[in-house]
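One structure below.
Read-outs throughout are calculated quantities, based only on the coordinates presented, and are distinct from any laboratory measurement. The model shown is predicted, which means the values in this text are computed figures rather than measured ones. Cβ coordinates were reconstructed from backbone atoms using ideal geometry, including for glycine residues, and neighbour counts include every protein chain displayed.
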Amino acid sequence: MHTPLRISTQTKFIGLKDSGDQMPVYVFSYTVTINNNLEQSAKLKSRYWLITNGDGEKVEVQGEGVVGEQPVIQPNGSYEYTSASMLKTEVGTMEGYYEFELADGNMHREPIPVFNLSKPNSLH
């Protein structure tokens with residue numbers, strides 16, 4: 001399937017982080033690559049994430065841009081960034097969407113396919 005804006009992800013388990021008086025949290029990094037297959041530029045305006053941990057608890061995160069930027073991705077170009085997520089469990093998932101403003105002024109919402117966050121050897 002040829003999508004106008006193709007989104008791919010890679011994840012990595014970083015480690016456990018002490019969160020003070022609570023249980024330690026599992027820290028994961030994720031790298032997102034966005035390929036623009038449109039014939040016009042696309043400015044990433046906002047993001048929405050639904051993060052679900054292994055206990056089924058859900059957290060929604062939304063805001064402008066990504067990692068403090070609102071990149072403009074040129075036709076046939078790509079943009080990549082790395083961010084992090086923290087979970088109370090050793091496995092979880094992330095999914096969501098990005099909203100882009102296209103060069104012609106139209107808005108476009110591109111879904112981010114669900115991907116797993118998991119500590120190595122925690123999924124059987």
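At a glance:
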read-out: Where labels lie 7 Å past Cα in the beta-carbon direction, separation of Asn116 and Thr82 in nm; value: 2.2
read-out: Extension gain (nm, one decimal) between Lys12 and Thr31, 0.36 nm per residue minus Cα-Cα; value: 6.0 nm
read-out: Options [x] 1.15; [y] 1.31; [z] 0.99 - which one matches Cα Rg over 2.2 N^0.38 Å as calculated here; value: [x]
read-out: Counted charge near Ala103, where neighbours are those whose Cβ lies closer than 10 Å (Asp, Glu -1; Lys, Arg +1); value: -2
